[in-house]
Amino acid sequence: MTDRELQDALRAALRRDPGIDAREIAVSVKGGVVTLKGDVKGYRQEAAAERLAFGLRGVRAVANDVNTYTWDAHPTDTEIAAAALSALPRRVDASNRAIAVSVSDGWVTLSGVVDSHAERVAAAHAAQELPGVRGVTDNLT
């Protein structure tokens with residue numbers, strides 16, 4: 001694919017994804033290197049845009065310069081921790097285990113034991129999607 005074809009294909013993929021506000025992400029391509037720029041509401045949109053770019057044949061690298069912002073009123077670390085504790089049981093079968101959650105300056109750290117890689121990924125995604133989360137450290141085993 002040419003750079004122009006990659007750019008058009010990625011723009012179309014961004015528009016098709018209902019979880020991404022494609023109007024907020026600018027796409028440029030040079031030599032197979034995709035650059036994403038813009039401001040989106042939530043880490044999930046930023047990560048999804050990057051995954052879509054890497055999913056295109058011919059993309060050699062992605063420079064993700066997308067800025068993530070949260071809601072107008074930034075949740076406190078306490079509110080993020082409470083939201084994470086509420087969200088985790090819906091995504092991970094943790095009935096017999098405890099997943100410890102700590103939050104510092106919007107950064108969530110998950111610790112504990114899960115049964116599978118799929119549960120580990122689900123827990124990290126559940127935390128990443130919460131408003132106010134700047135990042136997640138996955139210490140699950």
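Restricting attention to the range 24-33, the residues being at pLDDT below 95 and exposed (fewer than 10 other Cβ atoms within 10 Å of the Cβ) number 0. So is Asp8 surrounded by 12 or more Cβ atoms within 10 Å (Cβ to Cβ), outside any strand (DSSP E or B), assigned by TED's automatic domain parsing to the domain that holds Val133 and of a type in the set (D, E, K, R) or not? Spelling it out, it is not the case that Asp8 is surrounded by 12 or more Cβ atoms within 10 Å (Cβ to Cβ), outside any strand (DSSP E or B), assigned by TED's automatic domain parsing to the domain that holds Val133 and of a type in the set (D, E, K, R). Answer yes if at least one residue in the range 64-82 is of a type in the set (Phe, Trp, Tyr) and crowded, with 17+ Cβ neighbours inside 10 Å, and no otherwise. No.
Consider the range 25-77 and keep the residues that are in a helix (DSSP H, G or I) and in contact (Cβ under 8 Å) with a residue 40 or more places away in the chain. The one that is nearest to Val133 (Cα to Cα) is Tyr43. A residue that is in contact with a strand residue (DSSP E or B) (Cβ under 9 Å, 6 or more places away or on another chain) and on the phi > 0 side of the Ramachandran plot cannot be found anywhere in the range 74-97. Has the range 95-115 got at least one residue that is within 30 Å of Gln7 (Cα to Cα), of a type in the set (Ser, Thr, Tyr) and either modelled with pLDDT under 90 or part of a loop (DSSP other than H, G, I, E, B) (or both)? No, the range 95-115 contains no residue that is within 30 Å of Gln7 (Cα to Cα), of a type in the set (Ser, Thr, Tyr) and either modelled with pLDDT under 90 or part of a loop (DSSP other than H, G, I, E, B) (or both).
The values are calculated or read from the model by the stated rules, or taken from the named source; none is laboratory data. All values derive from a computational prediction rather than experimental measurement. Cβ coordinates were reconstructed from backbone atoms using ideal geometry, including for glycine residues, and neighbour counts include every protein chain displayed.
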